[in-house]
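Below is one structure, written out as structure tokens; the observations come after it.
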Amino acid sequence: MSDYEFCSFHTYTIAFIYDEKVTLSSSKSVSNHGEQWRTFRSKVQRPILQPQTVRKYVAPIEQVTSDFISYMETARDENLDLPACFDNDIHRWSLECIGRVALDVRLGCLSSDLSSNPEPQRIIDAAKYALRNVAVLELKAPYWRYIPTPLWTKYVNNMNFFVELCSRYINEALERLKTKKVTSENDLSLLERVLRSEGDPKIATIMALDLILVGIDTISMAVCSILYQAAIRTKQQEKMAEEIKRVLPDPDKPITYADLDKLHYTKAFVREVFRMYSTVIGNGRTLQEDDVICGYHIPKGVQVVFPTIVTGNMPEFVSDPAEFSPERWLGAGGRLHPFASLPYGHGARICLGRRFADMEIQVLLAKLLRKYRLEYHHEPLEYAVTFMYAPDGPLRLRMIER
Ligand code: HEM
């Protein structure tokens, strides 16, 4: 796969800020490929993907998640149903998580009075806008390369908003680092580590920008899907709740990385949701050389798509694919091709945030199902591809104390 360049539904937009702010005339590329991508990724991949980095963020993510659940408790109506805008609330939780990881701040997205601080909603809207329009700019006729079209102009202004946001918090981290006592790498946050090792705040800005732009919408849509599936699959939800109670008998004890490791059934449930309803429906690569795939000769330059949503549901690769069975991930037998379901992609460009995404989802499920039962009492939701694949409609989950 490393011979193929990236061209994904889940692409990103870091290239610009190598050259300071985006200008309306810097319209050459919206996503980032080849050598420039490789250089950047090689600088940040290790610190982001190391298990000890993710371990350090379990406690902060648990804190953010406790605040989110407290918000959910108060947001319920007289039937204990969550509001129709609950999917946006999930976006607020994921932004608060990613702000804590990428910028070392609590952005305040879960505050009950967002009217006094409109920035969190602006960030969410801007991240959605960037992620959803990059494909339009990349794949449709690129008039913006020659004249600044309205879409391009808005896109550039949107990116500049992000660069300014990240720079503000990164400057604060730089100031903090000047006086911080550091005896080992362990004393440093992810952001501080990248700032210290690279000595160039631009790399940290790109990293933060990248994680925020890609990390809000993806995980939020995935969580909408996982919570909806948990609410409509009572039997499996109860199995998760039993497991969580067994691993975490004391609800007041902080969750550890080792606890999360033991949530085998809960993780299998998430994998099964991803297999049947993969949030990112596929990944693409542009061939860098002629190749033969499954007996077909594909010339250089052709874009090849790996549709994980399709392969994950094919009987050739997965036994009884229409049956929702987390047990298949726990060695229950039957066919399960290791490449059938690749929700985070594969190869050199595999999702950079996957360990954080898994951990955030596990912490949310552990805290929520430990205390509450989820139900759903409205019209069944259809899944739709609205950029990502997720339940389409108001996610009015009912949240009942166990
Ligand atoms: C459950 C939620 C998520 C899913 C399903 C997901 C899925 C994906 C997929 C399919 C790719 C493309 C991989 C490829 O082409 O092989 C990707 C790339 C990426 N993801 Fe995620 N992702 C999720 C959450 C996150 C989060 C939370 C972050 C940030 C903390 C993140 C950061 C990234 C980045 C930066 C890339 C680009 C990697 C590169 O091109 O070097 N993702 N993700």
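For the reader, a short list of remarks on this structure follows.
- The share of Cα pairs per 10 Å bin across the stretch 135-252, counted from zero up to the longest distance, runs 11, 22, 22, 23, 18, 3, 0 percent.
- Cβ-to-Cβ counts within 10 Å put Ile212, Ile350 in ascending order as Ile350, Ile212, the fewest first.
- With 10 Å bins beginning at zero, the pair-distance distribution over Cα atoms of the stretch 303-378 amounts to 15, 32, 38, 14, 1 %.
- For q = 0.12, 0.17, 0.20, 0.21 Å⁻¹, Debye-computed log10 I/I(0) when each Cα of the stretch 249-344 counts as one equal scatterer: -0.53, -0.83, -0.97, -1.02
- Karplus-based coupling profile of the stretch 361-376, in residue order and whole Hz: 5, 5, 5, 4, 5, 4, 6, 6, 6, 4, 10, 10, 9, 9, 9, 9, with θ = phi - 60° in 6.51 cos²θ - 1.76 cosθ + 1.60 and x standing for Gly or Pro.
- As a proxy for reagent exposure, ranking Ile219, Ile309 by other Cβ atoms within 10 Å from fewest up yields Ile309, Ile219.
- In the chain, helical runs assigned H by DSSP with n ≥ 4 each contribute -39500 (n - 2.57); averaged across all residues and rounded to the nearest 500, the mean residue ellipticity at 222 nm is -16500 deg cm²/dmol.
- Ellipsoid semi-axes for the chain, based on the Cα gyration tensor and the rule √(5λ), read 32, 28, 22 Å when sorted largest first.
- Extended-chain gain in nm, criterion 0.36 nm per residue less alpha-carbon gap, Glu119 and Gln52: 21.0 nm
- Database remark: amide H of Tyr372 closer than 5 angstrom to the amide H of Arg402 (H placed geometrically; neighbours at sequence offset of 5 or more, or on other chains; Pro and chain starts carry no H).
- Between the amide H of Asn283 and those of Phe306, Thr308, distances stay under 5 Å, these residues lying 5 or more places away or on another chain, with hydrogens modeled in the peptide plane.
- In order along the stretch 288-302, the phi-based Karplus estimate (6.51 cos²θ - 1.76 cosθ + 1.60, θ = phi - 60°) of 3J(HN,Hα) comes to 8, 9, 4, 8, 10, 10, 6, x, 9, 7, 10, x, 3, x, 6 Hz; Gly and Pro are listed as x.
- For Lys180, the lysines whose Cα comes closer than 25 Å to its Cα, not counting residues fewer than 8 places off in the same chain, are Lys43, Lys56, Lys202.
- Karplus-based coupling profile of the stretch 377-382, in residue order and whole Hz: 10, 10, 4, x, 8, 8, with θ = phi - 60° in 6.51 cos²θ - 1.76 cosθ + 1.60 and x standing for Gly or Pro.
Bear in mind these aren't lab numbers, they're just calculated from the coordinates by the rules spelled out. These numbers were taken from a predicted model, which means no experiment stands behind them. Cβ sites come from the backbone with ideal geometry, for glycine too, and all protein chains shown count toward neighbours.
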